[in-house]
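Here's the structure we're looking at; comments come further down.
The values are calculated or read from the model by the stated rules, or taken from the named source; none is laboratory data. What you are looking at is a predicted structure, and each value in this text was computed from that prediction instead of being measured. Cβ: placed from backbone, ideal geometry, glycine included. Neighbour counts: every protein chain shown.
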Amino acid sequence: MTEIQMQQIGEVLKLYRLEFSELAIESALVDDYIGFIPGSSPEPFPEIIAEMLNQIGSLVHPAGGFALFDQVHIDKVNKRVTVQDVVFHTHGIVTKRLDKSELCALYACTAGAEITRLASEFNQKGQAVNAYIVDSLGSIIVERAMDVIQGRLKSMMNEKGLLITNRYSPGYCDWDIKEQKKLFGLLPDGFCGISLTHSMLMQPIKSVSGIIGIGKEVIYDQDTCHYCKDVNCPYRGKR
């Protein structure tokens, strides 16, 4: 992992570039993500998964990071969170889970565009299973990379006697995805090479963003899925 630290007025930014090997992604994890019992996926999946893991090992270099803000206000009555002077209409679930935050980290992370291009190439060749596995790997990679970065944030805050919450993203738990624009407005332009489309989706596609609360009394929940109504979420039970 390569760490690049930047200091700006009112905020601390950290940017990390990771190697694929740091993510410790094994075939059993891919099995689980695509719906098989780990270690028991039927043919031809095991061979293709192994081949794809080997192929993308030198292709993918995830990047991610976060900006720390000390001006954060949690408004549980109106179900919103204010960072600096930017108001996020986070609604009930996210607002409640960020309660007692004294600071917050706004984050973004991407697996990069290469993995999406590879999946597209397989689709064009008619290799649908390869494309599906590569696409799944893109989602796994960006989440595992963000796990590593969140771990760094946790260690950083623990040294200061502070705790962190889970991470929460626009588009989930009733938080409107259109608020991506506000979030990225508080991050440097082109942070981690991520841009937004007119519909507020991130490019590269395999990217994540959101907020993490920080404070002496905030709570990290091992399983947040029971708070969310989206039973079809691909990360349900996995985050």
### Task
Identify, from the list Asp135, Asp147, the residue that is of a type outside the set (Gly, Ala, Ser) and either buried (at least 17 other Cβ atoms within 10 Å of the Cβ) or at pLDDT below 95 (or both).
Asp135
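For the condition without any contact (Cβ under 8 Å) to a residue 60 or more places away in the chain and surrounded by fewer than 19 Cβ atoms within 10 Å (Cβ to Cβ), what is the one hit in Ala24, Ala113, Ala28? Break it down into steps so the answer makes sense when it comes.
Working: Ala24 fails: without any contact (Cβ under 8 Å) to a residue 60 or more places away in the chain; Ala113 fails: without any contact (Cβ under 8 Å) to a residue 60 or more places away in the chain.
Unique residue meeting the criteria: Ala28.
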### Task
For the stretch 169-185, enumerate the residues that are part of a loop (DSSP other than H, G, I, E, B), over 14 Å from the mean Cα position of the chain (by Cα) and modelled with pLDDT of 95 or more.
Trp175, Asp176
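Give me the helices (runs of 4 or more DSSP H) completely within the stretch 11-126, filtered to those with at least 2 residues that are closer than 20 Å to Ile177 by Cα, ordered by residue number.
Values: elements: 27-34, 45-56, 91-97, 114-124.
Here the list reads 91-97.
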### Query
Quick one: Pro42 ticks every box in (1) buried (at least 20 other Cβ atoms within 10 Å of the Cβ); (2) over 30 Å from Pro188 (Cβ atoms) bar one, so which box is it?
(1)
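If the requirement is being within 22 Å of Val60 (Cα to Cα), among the basic types (Lys, Arg) and out of contact with any Lys or Arg (no Cβ under 6 Å at 6 or more places or on another chain), which of these qualifies: Lys154, Lys125, Lys181, Lys160? Walk me through how you get there before you give the answer.
On the way: Lys154 fails: within 22 Å of Val60 (Cα to Cα); Lys181 fails: within 22 Å of Val60 (Cα to Cα); Lys160 fails: within 22 Å of Val60 (Cα to Cα).
None of the other options fit; the residue is Lys125.
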### Query
Can you tell me which residues in the stretch 109-149 are within 21 Å of Tyr168 (Cβ to Cβ) and basic (Lys, Arg)?
Arg144
### Task
Identify, from the list Tyr33, Tyr107, the residue that is in contact with a strand residue (DSSP E or B) (Cβ under 8 Å, 6 or more places away or on another chain), of a type in the set (Phe, Trp, Tyr) and touching a residue at least 60 places away in the same chain (Cβ under 8 Å).
Tyr107
### Query
Within the stretch 186-220, which residues are part of a loop (DSSP other than H, G, I, E, B) and either of a type in the set (Val, Ile, Thr) or in contact with a Lys or Arg (Cβ under 7 Å, 6 or more places away or on another chain) (or both)?
Ile194, Thr197, Met200, Ile205, Glu217, Val218, Ile219
### Task
Determine, yes or no, whether Gln150 is polar (S, T, N, Q) and out of contact with any strand residue (DSSP E or B) (no Cβ under 9 Å at 6 or more places or on another chain).
no
### Message
Return the residues of the stretch 43-97 that are among the polar types (S, T, N, Q), in contact with a Lys or Arg (Cβ under 9 Å, 6 or more places away or on another chain) and without any contact (Cβ under 8 Å) to a residue 40 or more places away in the chain; say none if nothing qualifies.
### Response
Thr95
